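What follows draws every value from the coordinates through simple rules; no lab data is involved. These numbers were taken from a predicted model, which means no experiment stands behind them. Note that each Cβ is placed from the backbone with ideal geometry, even for glycine, and that neighbours are counted across all protein chains shown.
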Ligand code: UFG
C-alpha cells in the first residue's frame, strides 16, 4: 500500500508509544507525513500513539514483521526510538542493553537495507561522550562511554556509519542531552513507570506524588556544587527530527551525527527553584551522596545542528519546560 499523504513515502517510527517517540509521531503527523508505529509496549503505552498513525504491536527484531510493514505501508524512512534507556540498569544488566539497543538495532538496520529504506534517524545520546574533557561538548570530541547504555548506543552509531558507506541509505545519529517537558497542547508527555529523571521527579514531588527530591551530590565542580545538564524540550527535540529528515532527503549522500541540546546548562538546584517558582510551593530537598557515573556537567555545543539544518530552539526557557512537564503530570493521578 503506498503512502496515503502528499509526501513521497511513509515513515516508520520504532518506539512510537514511548515518551520521545510519541512526540515525534505528533510532529510528523502535524507536518503531513503518513506515520506507522512499531512498539512492543514493554515500556510504551498504546494510548500514547495518536490515532492518525498506523499501529503495529511487535518487536523491531521480528524481521518478518518489519519487512511486511516496510513493504505494506510504503516506508521510505525510519525514525528509531525503541530501546532501553535507564543508565544504572544498564550497569546491572548490560546484556539487556546490548540486545535491545545494539543487537535489535542491527536487525532493524538490516531490515531497512533489505526493504530499500533510504533514510534512518537514530536516537543516540550524550552518554556516548562519557565524562567530557571540555564543556560544551562537540560531536568530534572523544566518545568514551562510562556505562553500557552509552556504549550500546555508540555501537549502533558505528554500525550505521559502516552500513551507510556500503548501502544506499543515509542516516542521522542525534545525540540527545536531557530530554524533558511535554507537548505544549497536552497531547503527550512522559508516562514512564518508575521514572528517575530530575524534572519528572521534581514535578511529581510538587504535586505530592512523592515526599521529596533527593539531590545526588553537592560537591561537583559546578557553580552551586550540583550537577549541571542541558535540558531540551521534548517538542523541540521532535522538531529536530523533522529537520533531520528533510536534510537526509535533500542531501542523500550525506549522513550526520548531531548533538541535540541548547548549549546552556542548569544545575539541580536551579531546576528545583524553577519548579518552586511555577507552583509557588517548596519542594522538599534531601541532600544525598553522588550517584555512580554522573558527570559534573553535560552541555551541548549545538553549532553543528544549527549549521546543518534550519532547526532552531523554540521552547528553551527552563520555566516553560517545567511548566509543560507539570501540566502533563497533573493530568493523571497515576503518573
Ligand atoms: N538528579 C538528582 N535527583 C534526582 C534525579 C536526578 O539530583 O532525583 C540529578 C542527577 O544527579 C543529574 C541531574 O539531576 O545531575 C540529571 O539527572 P537525570 O537522571 O535526570 O538525567 P541524567 O543526566 O542522569 O541522564 C539523562 C538520561 C540519559 C542520557 C543523559 C544524557 O537518562 O539517558 O541524560 O545527558 F544519556
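From the alpha carbon centroid of the stretch 249-265 to that of the stretch 208-226 is 31 Å. Tell me whether the stretch 39-192 comes out rounded, prolate or oblate; compute the Cα gyration tensor, take square roots of the eigenvalues as a ≥ b ≥ c, and use a/c under 1.5 as the rounded threshold. Judged from the Cα gyration tensor, the stretch 39-192 comes out oblate (a/c at least 1.5, b/c at or above a/b).
Note on the chain: antiparallel DSSP beta bridges, both residues inside, total approximately 5 percent of the bridges counted.
Once the Cα atoms of helix 318-330 and of the chain are each reduced to a long axis, what angle between those two axes, in degrees from 0 to 90 to the nearest 10, is obtained? Orientation of helix 318-330: about 80 degrees from the principal axis. Distance from the Cα centroid of the stretch 122-188 to that of the stretch 60-97 is 15 Å (rounded to whole angstrom). Compared with the dominant Cα axis of the chain, that is its longest principal axis, helix 19-30 is turned about 50°.
As a calculated quantity, the FRET efficiency between residue 42 and residue 331 at R0 = 22 Å, using C-beta atoms, amounts to about 0.45. Here each label is just a point 7 Å from Cα along the line to Cβ, and for residue 92 and residue 196 those points are 0.8 nm apart. Taking the fewest neighbouring Cβ atoms within 10 Å as the starting point, the ordered list for 39, 294 is 294, 39.
Legend: ranking of residues 287, 159 from fewest to most surrounding C-beta atoms inside 10 Å; resulting order 287, 159.
Extending 7 Å from Cα along the Cβ direction at residue 312 and again at residue 273 yields two label points whose distance is 2.8 nm.
Shape index of the chain: Rg/Rh, with Rg the Cα radius of gyration and Rh the Kirkwood radius from the inverse mean 1/r over Cα pairs, equals 0.95. Compared with the alpha-carbon gap, the fully stretched path from residue 167 to residue 284 is longer by 36.7 nm at 0.36 nm per residue. Label separation (residue 187 vs residue 138): 3.8 nm, computed from points 7 Å beyond Cα along the C-beta direction.
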